[in-house]
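The values are calculated or read from the model by the stated rules, or taken from the named source; none is laboratory data. Predicted model only: the values in this text are computed from it and were never measured. Positions of Cβ are generated from backbone atoms using ideal geometry, with glycine treated the same way; all protein chains shown enter the neighbour counts.
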């Protein structure tokens with residue numbers, strides 16, 4: 001690695017001070033600051049900061065998170081361990097965790113990417129919609145919407161509504177229904193399912209699009225609307241998370257969510 005960039009919410013003076021120390025130490029170590037074309041993006045902040053960094057850089061590149069937030073599920077080092085992080089970047093060979101984002105698209109071609117999840121939520125009342133997978137009808141639902149999640153994002157919003165934790169790479173993604181209504185008129189066949197990465201999901205809604213909101217990684221995407229939406233995994237975008245500690249995803253899940 002020869003070049004680096006620094007991302008984060010640097011209006012925080014303490015975080016800005018650490019960013020300067022990292023910049024100076026990496027420069028002394030022989031690396032060069034290049035915000036436009038870095039070999040590695042060093043993100044200072046929480047998991048949300050890393051997602052914003054991936055978004056702003058088009059979901060392409062190599063990223064490492066120094067956690068200055070709360071949970072730090074995606075982090076490799078704490079912010080206070082910045083010197084260890086610098087030494088690892090300069091002198092150690094990382095392993096790479098490869099991810100591809102999901103894409104949500106409407107019939108007019110408006111689209112957005114999500115490293116974690118795509119959510120379709122009706123905040124006011126239940127809506128009727130159909131789900132198709134690769135052209136075949138999968139479910140007819142009356143409920144509050146759904147969340148499609150990558151393996152990376154399966155421990156976020158999706159898990160909070162009962163979705164599965166995907167201890168996988170990007171071979172699969174999940175689809176979880178949000179508050180589906182079950183009665184003699186509507187009985188969705190599942191509350192959550194796992195699909196292969198090549199699957200194309202179509203959502204066909206009966207109601208006016210103003211009844212629901214689309215969000216990618218928790219950020220509203222008002223430009224995407226209509227009665228038909230498509231969700232699929234990108235074939236052109238790819239980003240990597242760098243790891244310098246020998247920590248499996250199973251161990252990361254346990255350490256982040258276990259009360260022990």
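Sort through 194, 124, 165 and tell me the only one that's surrounded by fewer than 22 Cβ atoms within 10 Å (Cβ to Cβ) and free of Cβ contacts under 8 Å to residues at least 40 places away in the same chain.
Details: 124 fails: free of Cβ contacts under 8 Å to residues at least 40 places away in the same chain; 165 fails: free of Cβ contacts under 8 Å to residues at least 40 places away in the same chain.
Among 194, 124, 165, only 194 is surrounded by fewer than 22 Cβ atoms within 10 Å (Cβ to Cβ) and free of Cβ contacts under 8 Å to residues at least 40 places away in the same chain.
Can you tell me which of 83, 105, 130, 97 is part of a strand (DSSP E or B) and over 28 Å from residue 179 (Cβ atoms)?
Working: 83 fails: part of a strand (DSSP E or B); 105 fails: over 28 Å from residue 179 (Cβ atoms); 130 fails: over 28 Å from residue 179 (Cβ atoms).
Being part of a strand (DSSP E or B) and over 28 Å from residue 179 (Cβ atoms) holds for just one of 83, 105, 130, 97, which is 97.
Kindly evaluate residue 150 against the criterion of being within 30 Å of residue 96 (Cβ to Cβ), buried (at least 16 other Cβ atoms within 10 Å of the Cβ), in contact with a helix residue (DSSP H, G or I) (Cβ under 6 Å, 6 or more places away or on another chain) and not assigned by TED's automatic domain parsing to the domain that holds residue 55.
no
How many residues are more than 30 Å from residue 86 (Cα to Cα) and in contact (Cβ under 8 Å) with a residue 60 or more places away in the chain when one looks only at the range 236-260?
0
Name the residues in the range 15-48 that are surrounded by fewer than 17 Cβ atoms within 10 Å (Cβ to Cβ) and under 14 Å from residue 77 (Cβ atoms), would you?
21
For residues in the range 60-69 being surrounded by fewer than 22 Cβ atoms within 10 Å (Cβ to Cβ) and in contact (Cβ under 8 Å) with a residue 60 or more places away in the chain, which is nearest to residue 215 (Cα to Cα)? Spell out the reasoning first.
Quick first cut of the range 60-69, residues surrounded by fewer than 22 Cβ atoms within 10 Å (Cβ to Cβ) only: 60-62, 69.
Among the residues that remain, those that are also in contact (Cβ under 8 Å) with a residue 60 or more places away in the chain are: 60-62.
On the way: 60: 20, 61: 23, 62: 24 Å.
Among them, the one singled out is 60.
Test residue 175 against the criterion of being assigned to a strand (DSSP E or B), under 30 Å from residue 251 (Cβ atoms) and not assigned by TED's automatic domain parsing to the domain that holds residue 39, and give yes or no.
yes
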